[in-house]
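Single-structure report; data block below.
The values are calculated or read from the model by the stated rules, or taken from the named source; none is laboratory data. The structure presented is a predicted model; accordingly, all values stated were derived computationally and were not measured. Note that each Cβ is placed from the backbone with ideal geometry, even for glycine, and that neighbours are counted across all protein chains shown. We work out accessible area using only protein heavy atoms, side chains counted, and drop any ligands, DNA or RNA first. Shrake-Rupley method; radii C 1.70, N 1.55, O 1.52, S 1.80 Å.
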Amino acid sequence: PIKTAEQLATYVPQLGPLQVRNPHICDMKEDVLYHIALGNKTHDLKDMFKDVKFVCFGGSPNRMQSFAKYMIKVLNYKLPAGQDLCDIAHGSDRYVLYKVGPVLSVSHGMGSPSLSIIFHEIYKLVHHAGCSDVVFFRIGTSGGLGLEPGSVVITDEAVDGLLRPYMEVATLGMLLQHPSRLTQEVAQELLSMADPENDFTTIIGKTMSTLDFYEGQARLDGAFCDYTEEDKMAFLKRIHNRGICNIEMESLCFAASCYRAGIKSAVVCVTLLDRLKGDQISTPHDVLEEWQKRPQRLIAAYIKKHLGIE
Ligand code: R2B
Ligand code: URA
């Protein structure tokens, strides 16, 4: 039976080994995780992943490889003898997947459809592996509103391009609304861990998640544009006044999926520009690279603390 939006709104936290909330999965003879080239019959997923506690998603494959390398340093992790860090999803060229002890580093591509696919498969992966008490993070980039570029925003609520706090999905010819709530304690804890010595700000705020980078985010520099600069500014100022701190493209789907799954989650994004001042990202590459490490450092600090590492 199809669940109503009301039923879907019930958050049931996962206690004990993570269960997928799909009754069909346990009846399947085999579950092929196609986009990461793994499966529960072709691979011993328990043996490979049973110790996973933190799953970190980010858009770019290279950034998630760098994050994995950074976690090796942070955790002082020794890879099994004779092994190099390798992309466990190398059999597919869609996403990358790295494992550093209890940490998974996964790329999700750009936009909610791409994130949604990898979310399904990673959620099933941690279920097949029998993992429990897992926290999911998105480490990303965004456009800020009224913030110095390079600021870090921890999302407390993800909304769509119409400021609605749910992800609307066409399912069997109906529109289902999945609430996009994040775990407030995790967001607050991350905020409390921001280094006061940093020369950039870290704040908690609302994030708008759109279906497009250009017109979807009120840019004037796309290939199409049917509005004026005044229209654009009126929109950005209106959403800024409604508490939106940054705009990106995945937090809505990420928050809705984690909430629906009963998995603790947080979204931490650096802002690459101030959208009240422009549209183009022209900051030098090395500066952007440095900024993108800021959310990674915060998540690494959280992971270290929860693993009891000083
Ligand atoms: C942030 O950056 C990407 C667009 O450049 C998109 O994935 C996002 O959310
Ligand atoms: N990512 C986005 O989605 N928007 C921006 O403005 C910058 C990064």
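Data table
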{"read-out": "Label-to-label distance, nm, for residues given as residue 15 and residue 78 (7 Å Cα→Cβ offset)", "value": "3.8"}
{"read-out": "Additional length obtainable on full extension of the chain from residue 133 to residue 51, 0.36 nm per residue less Cα span", "value": "28.5 nm"}
{"read-out": "Share of carbon and sulfur in the accessible heavy-atom surface of the chain [1.4 Å probe, %]", "value": "54"}
{"read-out": "On Cα atoms only, tilt of 112-128 relative to the major axis of the chain in degrees", "value": "20"}
{"read-out": "Cβ-derived FRET efficiency at R0 51 Å, residue 26 paired with residue 148, nearest 0.05", "value": "0.55"}
{"read-out": "Mean Cα-pair separation over length for region 186-310, i.e. relative contact order, pairs under 8 Å, 6 or more apart, %", "value": "28"}
{"read-out": "C-alpha long axis of helix 251-261 to longest principal axis of the chain, angle in °", "value": "40"}
{"read-out": "FRET efficiency, 1/(1 + (r/R0)^6) with R0 41 Å, evaluated for residue 171 and residue 310 via beta carbons", "value": "0.30"}
{"read-out": "Where region 22-98 is the region considered: accessible area per residue in Å², 1.4 Å probe", "value": "60"}
{"read-out": "Degrees separating the helix 285-307 axis from the principal Cα axis of the chain, which is the longest one", "value": "50"}
{"read-out": "Global geometry of the chain, whether rounded, prolate or oblate, following the gyration tensor of its Cα atoms and the 1.5 cut on a/c", "value": "oblate"}
{"read-out": "Estimated [θ] at 222 nm from DSSP helical runs (n ≥ 4, -39500 (n - 2.57)) normalised by residues in the chain, nearest 500", "value": "-9500 deg cm²/dmol"}
{"read-out": "Theoretical FRET efficiency, 1/(1+(r/R0)^6), r = Cβ-Cβ of residue 92 and residue 233, R0 41 Å, to 0.05", "value": "0.45"}
{"read-out": "C-alpha center-to-center spacing [region 219-255, region 256-274] in angstrom", "value": "18"}
{"read-out": "DSSP-defined antiparallel bridges as percent of all bridges, the chain, nearest 5", "value": "40"}
